[in-house]
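Scroll down for the structure; my scribbles are underneath it.
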Amino acid sequence: MRSSRRRFLQASAAIVPTIAASSAQGRSVRSAASDRINVGVIGCGKMANDYHLPQLLAQPDVQLVAVCEVDRNRLDHAKNRVESGYSTGKTAYAGCAAYTDFRKIIEREDIDAVCIATPDHWHAIPVIEACKAGKDVYCEKPLTLTIEEAKHCVEAARKYESIVQTGSQQRSNVFGPFREAVEIIRSGRLGKINRVTVGVGIPSVPCNLPAEQIERNLDWDLWLGQAPMRPYNSILSPRGVHNHFPAWRNYQEFSGGGHTDMGAHHYDIAQ
């Protein structure tokens, strides 16, 4: 099958966050607007701030055009970061749209691909809806909260012919120690491997956190989404812009705990 340059770039957009920045490869010149892939980021917490936004901003073939986050403080921070990241370039930039509802990104016909970095319980629905809308998808690991949700995501990707990638920076980091370890084992230097022991942390438990005064500018109902209704607690959604991983992974309503967090990395490397 022959593919146009734009379709090839759309396919590439789904894996942009896991590859080396173009500037590191000596390519710093921005592509023409007609050759760029318009990307929207859904979820603007620590993963987006530390990994996805800087990687996407560094790609000359990508244009970040929208961000989405249920916390207005984090949303404004992401919007400002994108706009300041492009402001130093010579190419005119129309600005980055900011939404609290991911559906606003999905319904935009000018967006080619989405990067999803929400809590685990908010992966499946955006993935499926993005596929329905003809967009390609990069979604942080684990792909979904449940196996059943993952099956529906696979079905949607195949039905709508979307390119969907689940993120695992530990595997895709070309210069990382895990890749080197795998190469050492495959080379035979350690002899025949009979057993691999993997530590990933504890399983998640039912959430029993006490109620707190709700964070200002946070749409708590939208943060919960399909999860059971419960009072706000800052352990689940920290107040404002933060630089740590929130502990919602410890609770079954939102994550599978250590097994779906570090397990998504370490089980994969062992295999």
Those residues of the stretch 36-55 which are buried (at least 24 other Cβ atoms within 10 Å of the Cβ) and farther than 17 Å from F245 by Cα, in sequence order: I37, V39, G40, V41
Would you mind telling me which numbered condition in (1) surrounded by fewer than 18 Cβ atoms within 10 Å (Cβ to Cβ); (2) in contact with a helix residue (DSSP H, G or I) (Cβ under 6 Å, 6 or more places away or on another chain); (3) under 24 Å from D221 (Cα atoms) Y93 fails? (3)
List the number of the failed condition for D76; all other conditions in (1) modelled with pLDDT of 95 or more; (2) more than 27 Å from D221 (Cα to Cα); (3) surrounded by fewer than 18 Cβ atoms within 10 Å (Cβ to Cβ) hold. (2)
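Looking only at residues that are of a type in the set (G, A, S), touching an Asp or Glu at 6+ places or on another chain (Cβ under 9 Å) and free of Cβ contacts under 8 Å to residues at least 60 places away in the same chain in the stretch 97-130, which one is farthest from C153 (Cα to Cα)? If you could, list the steps in order and put the result at the bottom.
Of the stretch 97-130, the ones of a type in the set (G, A, S) are 97-98, 113, 117, 124, 130.
Those left that are additionally touching an Asp or Glu at 6+ places or on another chain (Cβ under 9 Å): 98, 113, 117, 124, 130.
Filter once more, so that each one left must be free of Cβ contacts under 8 Å to residues at least 60 places away in the same chain: 98, 124, 130.
Values: A98: 26, A124: 6, A130: 10 Å.
The selected residue is A98.
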Being within 15 Å of the chain's Cα centre (by Cα) and under 25 Å from H265 (Cβ atoms) is the requirement here; does I147 meet it? no
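Only one of these is surrounded by fewer than 18 Cβ atoms within 10 Å (Cβ to Cβ), of a type in the set (S, T, N, Q), farther than 23 Å from E129 by Cβ and at pLDDT below 95: S28, S12. Name it. Spell out the reasoning first.
Numbers: S12 fails: farther than 23 Å from E129 by Cβ.
Among S28, S12, only S28 is surrounded by fewer than 18 Cβ atoms within 10 Å (Cβ to Cβ), of a type in the set (S, T, N, Q), farther than 23 Å from E129 by Cβ and at pLDDT below 95.
Loosely packed, with under 10 Cβ neighbours inside 10 Å and under 25 Å from P126 (Cα atoms) - does that describe any residue in the stretch 182-201? Lay out the reasoning, then the answer.
Quick first cut of the stretch 182-201, residues loosely packed, with under 10 Cβ neighbours inside 10 Å only: 187-189, 191-192, 194-195, 197, 199.
Next cut, under 25 Å from P126 (Cα atoms) only: none.
No, the stretch 182-201 contains no residue that is loosely packed, with under 10 Cβ neighbours inside 10 Å and under 25 Å from P126 (Cα atoms).
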Pair list, Cβ < 6 Å and 6+ apart or interchain, from the stretch 193-213 residues that are of a type in the set (S, T, N, Q) to residues that are surrounded by 11 or more Cβ atoms within 10 Å (Cβ to Cβ): S204/N250; S204/Y251; S204/Q252; S204/S255; S204/G256; S204/G257
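Take the residues in the stretch 235-255 that are out of contact with any Asp or Glu (no Cβ under 7 Å at 6 or more places or on another chain) and small (G, A, S), then tell me which one is nearest to I202 (Cα to Cα). Spell out the reasoning first.
Looking only at the stretch 235-255, we keep the residues that are out of contact with any Asp or Glu (no Cβ under 7 Å at 6 or more places or on another chain), and these are 235-236, 238, 240-248, 250-253.
With the extra rule that they be small (G, A, S), the set shrinks to 240, 247.
On the way: G240: 27, A247: 12 Å.
Top of the filtered list is A247.
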Qualifying residues in the stretch 177-198 (those that are part of a helix (DSSP H, G or I), aliphatic (A, V, I, L, M) and within 14 Å of Q271 (Cβ to Cβ)) - the one farthest from the chain's Cα centre (by Cα): I185
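Considering the stretch 129-174 alone, what residues qualify as being assigned to a loop (DSSP other than H, G, I, E, B), among the hydroxyl-bearing types (S, T, Y) and surrounded by fewer than 22 Cβ atoms within 10 Å (Cβ to Cβ)? Talk me through it step by step, then tell me what you get.
Restricting attention to the stretch 129-174, the residues satisfying the condition of being assigned to a loop (DSSP other than H, G, I, E, B) are 133-135, 140-146, 160-163, 167-168, 173-174.
Filter once more, keeping what is among the hydroxyl-bearing types (S, T, Y): 144, 146, 160, 162, 168.
Correct list: T146, Y160, S168.
The values are calculated or read from the model by the stated rules, or taken from the named source; none is laboratory data. Quick caveat: nothing in here was measured; it's all calculated off a predicted structure. When we count neighbours, we look across all protein chains shown, and the Cβ atoms used for this are built from the backbone with ideal geometry, even at glycine.
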